[in-house]
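Chemist: Provided herewith is a single structure, encoded as structure tokens, for subsequent inquiry.
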Amino acid sequence: MPYLILADDSDIFRAGAARLLMAEEDLRIVMQCKETIRLNRAVDSYPNAIVVVASKLLANSPGLLARIQLNNGRSIVVAEMGEDAKTFLDQGAHGLLYRSASGAMLLDCIRQVCRGEHYVQAADVGASPSDPVGTRVRDGLTPKELKVLSLIMQGCKNREVGLKLKTSEQVIKNYLRGIFDKVGVSDRLELALFTIHHPTLAAAVASVEVA
């Protein structure tokens, strides 16, 4: 059974991905990390592991992908839209996904990398014509609600979202309640899981620019 290390500085994204992966009987998460210090310890403690790591964490740990490879492990980088896949592949990554990737893409990527193959998501892949629910929700959200959702998926708390959007925390809470109602969820974790599972919505959220 492949051992997985899940490393992402976004609590909400990491929790959503973890719940998705824990539902798979053939995969086992041995450690979750949000900081590079814990991630480096995990890599040393679990050689041969598959490390799913956010690109932001790599900025503070140069050489980590090469070290994972030296430990007979494999790495999958979760990149932000606009980042160059070749940069991470040249550093030793075996797989690359963007934040817009669906849950199915994440599982497919992990299983291909486990088999010793490489997996690279094309930068323009994410939205799917067979995602009517995600399309309906995306089209039902206002531009401001999409910005709020984008920041929530990045791990921002309500107060941080308010500061970035130059409004109050209470206004953000009101926006979030509206988003919950439109999506049909009751909390942030369910919202993250819904977004991950619906590539059309995930792609829209990943492409949002927050000034």
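The values are calculated or read from the model by the stated rules, or taken from the named source; none is laboratory data. Remember, predicted model here, so these are calculated numbers, not experimental data. So basically every Cβ, Gly included, is an ideal-geometry build from the backbone, and we count neighbours across all protein chains shown.
Chemist: Looking only at the range 163-191, which residues are aromatic (Phe, Trp, Tyr) and either within 20 Å of the chain's Cα centre (by Cα) or in a loop (DSSP other than H, G, I, E, B) (or both)? Break it down into steps so the answer makes sense when it comes.
Modeler: First, pick out the residues of the range 163-191 that are aromatic (Phe, Trp, Tyr): 175, 180.
PHE180, the sole residue that qualifies.
Chemist: I would also like to ask the following. Before we move on, is VAL137 under 25 Å from ALA7 (Cα atoms), out of contact with any strand residue (DSSP E or B) (no Cβ under 6 Å at 6 or more places or on another chain), surrounded by 15 or more Cβ atoms within 10 Å (Cβ to Cβ) and of a type in the set (Val, Ile, Thr)?
Modeler: Against the criterion (under 25 Å from ALA7 (Cα atoms), out of contact with any strand residue (DSSP E or B) (no Cβ under 6 Å at 6 or more places or on another chain), surrounded by 15 or more Cβ atoms within 10 Å (Cβ to Cβ) and of a type in the set (Val, Ile, Thr)), VAL137 does not qualify.
Chemist: Also: Kindly state which helices (runs of 4 or more DSSP H) lie completely within the range 102-157 and contain at least 3 residues that are over 29 Å from GLY73 (Cβ atoms), at pLDDT 90 or above and charged (D, E, K, R). Step through it out loud before you land on a result.
Modeler: Details: elements: 103-114, 132-140, 143-153.
The helices (runs of 4 or more DSSP H) meeting that bar are 132-140, 143-153.
Chemist: What are the residue pairs meeting all of these: first residue in the range 161-176, first residue in contact (Cβ under 8 Å) with a residue 40 or more places away in the chain, second residue part of a helix (DSSP H, G or I), Cβ atoms under 8 Å, and 6 or more apart or on different chains?
Modeler: Here the result reads LYS164/LEU151; LEU165/LYS144; LEU165/LYS147; LEU165/VAL148; LEU165/LEU151; LEU165/ILE172, each pair linking the range 161-176 to a residue that is part of a helix (DSSP H, G or I).
Chemist: Please indicate, with yes or no, whether at least one residue in the range 55-62 is more than 14 Å from the chain's Cα centre (by Cα), farther than 17 Å from ALA202 by Cβ and part of a helix (DSSP H, G or I).
Modeler: Filtering the range 55-62 down to residues more than 14 Å from the chain's Cα centre (by Cα) leaves 58-62.
From what's left, farther than 17 Å from ALA202 by Cβ: 58-62.
With the extra rule that they be part of a helix (DSSP H, G or I), the set shrinks to 58.
Looking through the range 55-62, at least one residue is more than 14 Å from the chain's Cα centre (by Cα), farther than 17 Å from ALA202 by Cβ and part of a helix (DSSP H, G or I).
Chemist: Out of everything in the range 81-101 that is touching a helix residue (DSSP H, G or I) at 6+ places or on another chain (Cβ under 6 Å) and modelled with pLDDT under 85, what residue ends up being surrounded by the fewest Cβ atoms within 10 Å (Cβ to Cβ)?
Modeler: Out of the qualifying residues, it is MET81.
Chemist: If you take the residues of the range 19-58 that are among the small types (Gly, Ala, Ser) and without any contact (Cβ under 8 Å) to a residue 24 or more places away in the chain, which of them is surrounded by the fewest Cβ atoms within 10 Å (Cβ to Cβ)? Explain how you work it out, then say what you get.
Modeler: Here is the first cut: in the range 19-58, the ones among the small types (Gly, Ala, Ser) are 23, 42, 45, 49, 54-55.
Subsequent filtering for residues that are without any contact (Cβ under 8 Å) to a residue 24 or more places away in the chain retains 23, 45.
Details: ALA23: 10, SER45: 12.
Looking at the filtered set, the residue picked out is ALA23.
Chemist: Inspect all residues belonging to the range 179-195 and state whether any of them is on the phi > 0 side of the Ramachandran plot, without any contact (Cβ under 8 Å) to a residue 60 or more places away in the chain and loosely packed, with under 15 Cβ neighbours inside 10 Å. Working first, answer last.
Modeler: Initially, the range 179-195 is screened for residues on the phi > 0 side of the Ramachandran plot, giving 184.
Among the residues that remain, those that are also without any contact (Cβ under 8 Å) to a residue 60 or more places away in the chain are: 184.
Cutting the leftovers down to loosely packed, with under 15 Cβ neighbours inside 10 Å gives us 184.
Yes: one or more hits.
Chemist: While we're on this one: Kindly evaluate GLN69 against the criterion of being in a strand (DSSP E or B), polar (S, T, N, Q) and modelled with pLDDT of 85 or more.
Modeler: Numbers: in a strand (DSSP E or B): no; polar (S, T, N, Q): yes; modelled with pLDDT of 85 or more: yes.
Against the criterion (in a strand (DSSP E or B), polar (S, T, N, Q) and modelled with pLDDT of 85 or more), GLN69 does not qualify.
Chemist: OK, next. Evaluate the following for ASP9: is it of a type outside the set (A, V, I, L, M, F, W, C), in the same structural domain as ALA104 (by TED's automatic domain parsing), surrounded by 15 or more Cβ atoms within 10 Å (Cβ to Cβ) and part of a loop (DSSP other than H, G, I, E, B)? Write out each step before concluding.
Modeler: Values: of a type outside the set (A, V, I, L, M, F, W, C): yes; in the same structural domain as ALA104 (by TED's automatic domain parsing): yes; surrounded by 15 or more Cβ atoms within 10 Å (Cβ to Cβ): yes; part of a loop (DSSP other than H, G, I, E, B): yes.
Answer is yes for this residue.
Chemist: VAL210 - would you say it is touching a helix residue (DSSP H, G or I) at 6+ places or on another chain (Cβ under 6 Å) and over 21 Å from ARG19 (Cβ atoms)?
Modeler: yes
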